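Structure first, then comments.
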Protein chains: 2
Amino acid sequence: MSGANRMIPPKELLHFLKKENDFVIVAHISPDGDALGSSIALSMALESLGKKTIVYDKDPVPEFYKFLPGSERFTASLSSLKLQFSNLILLDCNDAERAEIGKLQFTSSAVIDHHETARDFGDIKWIDPKSPATGLMIFYLIKELGVTVTKEIAVNLYAAIATDTGNFRYSNTTPGVLRVSAELVETGANPSYIAENLYETWTDSRFRLFLKVLNTLEIYNDIAITHVTLEMFRETGAAIADTETFSGFPRKLRSIKTSALFREIENNYYKISLRSKGRDVNVAKIAEIFGGGGHSNAAGYNIRSDFKAAKEALLKAFRERT
Amino acid sequence: MSGANRMIPPKELLHFLKKENDFVIVAHISPDGDALGSSIALSMALESLGKKTIVYDKDPVPEFYKFLPGSERFTASLSSLKLQFSNLILLDCNDAERAEIGKLQFTSSAVIDHHETARDFGDIKWIDPKSPATGLMIFYLIKELGVTVTKEIAVNLYAAIATDTGNFRYSNTTPGVLRVSAELVETGANPSYIAENLYETWTDSRFRLFLKVLNTLEIYNDIAITHVTLEMFRETGAAIADTETFSGFPRKLRSIKTSALFREIENNYYKISLRSKGRDVNVAKIAEIFGGGGHSNAAGYNIRSDFKAAKEALLKAFRERT
């Protein structure tokens, strides 16, 4: 068992999950392994208790996450959501806007999340920024509900935890993370199979885009800036989901404390990912300046601007905050 | 504790370590994190029992491993080894030739290793190819000797285990690996500090060489081949130790099962690193054909040839073996 680091879900959340029978589980847009794995695992656990669940994300499951057992549970169509599903569970984000649920009607809502930037949403909230991953909270929640962790649940939770700890490389890799992961491996999660699917299933397009991105590297003191233009997406045939891990790469440079990746998603509209290393730079605080959010080592925001102005605004924010 | 996966050192090894008072601990040439961390940890443990140790490696400790506490214990000079050190402990390899100990005299020898390719060397052998890392064996050995794992020992053993499990991404990431790692974190090993030192301290030269190497990528069915010429080393100012992780990178491509990196270390003399993913290709078997060895997913050999002929010989070996 995972000992001292054990997390205890709030009683009202347990009560809500036990009492109600139908749930819409909703994760944030551009879902990552933690959002996807947590949602699927919770859906499986609730269904094993005889509940009905619908799992919704506005964006489709990225190709390289389709190995997650149960990933076909995700629907991206709100029209399929019937009115009797009146209980919302928002996962891995705490802001309904970030999930773009639009006109979805619900009477009760619960939020399970570990992000630092907390918004005022949800009747029941379990928001623990100290938790390394939402997947870890779901692990303890499932145990507390008395549900047996199956192999399929284990794979989803391991993938969730691996994603949000940078495969045990980030500062949130606690003894609890490692012990729970050991237990998930014993239950059937295969670390190398999961790592291969998460990190080693690049397409040729993705690889070629990666090379192009590395070639854009600019360094400003301890900040690395790389960017992707619409042109590069066109030339390589790669998509925005292909760039997910690119932002972290320049941190390999000893001299770099923060890496920023600018991705042009529309003409003069950029999606920026910030990654820092160590404890010196809290990039969530920087992202908040631009209306975004995240964790201290991984955050993001969007900006309507050309690349040069967007870059200068970011560098200015760094000069003023640090 | 680490439960069912616990490893039990042979009684004669424990007896040897308890009875004798002076040891030369020797690791293989081109030492990696497992060789270095295991050697330092064992040296610290034996000295805490009042023994004398000398830690020897023919090659100097690579710059990015100098964060390991106690890395200054390594000597690369045989002349400093006095005759009274008559007990040899060979670590993370099982062939004295691979450690290039030359004329070093000893009366007794013990081998602690986890490599598949076993040679006939050593009075006492503890060779367990099932062990994910020599560091894990040293962990159990230290416990069995009744030595308390200090923070410094924990950092060395965590780095050793992280190195040889690809930071918990390879198929040798067992529940035992994760539980022992949890214990080492509790004892003071810091996963993100260690990962940053192992993976995120690239110099500009190393980064530039990496870009050049990626640009040499050739693909033959499911085999990726990259290479480094003497010219590239000169142009970037990077050294051979800088290329250590390059060989694994092309495995990111979904279509690739094996990645081979050819490094020209002298004119027409190549050092080849093989990395495979999954269980399909055992690269140790391929390396053995050329007089090398290693693990099923990571192996290597040297060849005196030009690049073209060396590449063709390797591709031929693959065609014939698989």
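FYI, it's all coordinate maths here, none of it is from the lab. Values in this document were obtained by computation on a predicted structure and should not be read as measured data. Positions of Cβ are backbone-derived with ideal geometry, glycine not excepted, and every protein chain shown enters the neighbour counts.
Worth pointing out:
- The range A:3-199, relative contact order in percent, only Cα pairs under 8 angstrom and at least six apart counted: 25
- Gyration tensor verdict on chain A (Cα atoms; rounded if a/c is under 1.5, prolate if a/b is larger than b/c, oblate otherwise): prolate
- Restraint check, B:143/B:271; B:66/B:285; B:19/B:103; A:252/B:66, Cα-Cα greater than 28 Å: B:143/B:271; B:66/B:285
- Choice from B:227, B:115, B:15 showing the highest fluctuation, given a GNM over chain B with Cα pairs closer than 10 Å: B:15
- If both residues of a DSSP beta bridge must be in the protein assembly as shown, then about 40% of such bridges are antiparallel.
- Gyration tensor verdict on the range B:28-135 (Cα atoms; rounded if a/c is under 1.5, prolate if a/b is larger than b/c, oblate otherwise): rounded
- For residue A:125, the residues whose amide H sits under 5 Å from its own are A:111, ignoring neighbours fewer than 5 places away on the same chain, with H placed 1.01 Å from N.
- 10 Å Cβ neighbours from other chains, averaged over peptide B:163-175: 6
- As a length-normalised measure over Cα pairs under 8 Å and 6 or more apart, the relative contact order of the range A:50-153 settles at 19 percent.
- Taken residue by residue and averaged, Cβ atoms of other chains lying within 10 Å of the Cβ of A:231-237 number 0.
- Fewest-first sequence of A:36, A:14 by Cβ atoms within 10 Å of each Cβ: A:14, A:36
- In chain A, the calculated helix contribution to ellipticity at 222 nm averages -10500 deg cm²/dmol per residue, counting -39,500 (n - 2.57) for every DSSP H run with n ≥ 4.
- For A:277-290, mean number of other protein chain Cβ atoms within 10 Å: 1
- For the range A:198-213, 3J(HN,Hα) computed residue by residue from phi via the Karplus equation (6.51, -1.76, 1.60; θ = phi - 60°) reads 6, 10, 10, 10, 5, 7, 4, 4, 5, 4, 5, 5, 4, 4, 4, 5 Hz, glycine and proline entered as x.
- Debye log10 I(q)/I(0) at q = 0.11, 0.12, 0.16, 0.23 Å⁻¹ for the range A:176-297, Cα point scatterers: -0.47, -0.55, -0.89, -1.26
- Packing-based exposure ordering (other Cβ within 10 Å, fewest first) of B:49, A:91, B:178: B:49, B:178, A:91
- Sorted by Cβ density within 10 Å, fewest first, the residues B:219, A:40: B:219, A:40
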